[in-house]
Amino acid sequence: MATEHWSDSIWITHLTDEPMLSQDLQALLYDVEHHRQMPSLVIDLSSVNSLRSSHLSQLILLQNCIIKGGGQIILSAPSDRIWGLFLASNLDQQFIFAENIPVALAGLQI
């Protein structure tokens, strides 16, 4: 996982597929929880090929933490397969999605 601090209040995280995905999400949650100012977060899913229920749970925890702190979370560039998982689980209503990182960043800055 690579996280860039695009600005003081916006982070971009590039997730990778398993075997590191679970640990990356856990590390990201830790970083967000221990940051003095809650960032808004763009999560790049373009390299993620599959998600398990535990990954979805971690994303929900992360989103709840960020929203509680006044930030926003945008999931960027999900593949058709990943998008289908969000649709099937009705989580497409809980998250904000963007087709790519520049669109996600534009959405945060409006």
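The values are calculated or read from the model by the stated rules, or taken from the named source; none is laboratory data. A quick note: this is a predicted structure, and the numbers were derived from the prediction, not measured. Here the Cβ positions follow ideal geometry from the backbone for every residue, glycine too, while neighbour counts run over all protein chains shown.
Within segment 95-102, can one find any residue that is part of a loop (DSSP other than H, G, I, E, B), modelled with pLDDT under 95, within 23 Å of D8 (Cβ to Cβ) and polar (S, T, N, Q)? Show your work before the answer.
At the first step, the residues of segment 95-102 found to be part of a loop (DSSP other than H, G, I, E, B) are 95, 99-100.
Filter once more, keeping what is modelled with pLDDT under 95: none.
Scanning segment 95-102, I find no residue that is part of a loop (DSSP other than H, G, I, E, B), modelled with pLDDT under 95, within 23 Å of D8 (Cβ to Cβ) and polar (S, T, N, Q), so the answer is no.
Report the residue count in segment 8-26 for those that are of a type outside the set (V, I, T), more than 19 Å from S50 (Cα to Cα) and surrounded by 13 or more Cβ atoms within 10 Å (Cβ to Cβ). Summing the residues that are of a type outside the set (V, I, T), more than 19 Å from S50 (Cα to Cα) and surrounded by 13 or more Cβ atoms within 10 Å (Cβ to Cβ) in segment 8-26 gives 2. Of the residues making up segment 1-32, those that are in a loop (DSSP other than H, G, I, E, B) and touching a residue at least 60 places away in the same chain (Cβ under 8 Å) are W6, S9. Residues in segment 33-83 that are small (G, A, S), over 16 Å from Q23 (Cβ atoms) and part of a loop (DSSP other than H, G, I, E, B): S46, G69, G70, G71, A77, S79.
The set of residues from segment 84-94 being part of a helix (DSSP H, G or I) and touching a helix residue (DSSP H, G or I) at 6+ places or on another chain (Cβ under 7 Å) comprises F86, L91, D92.
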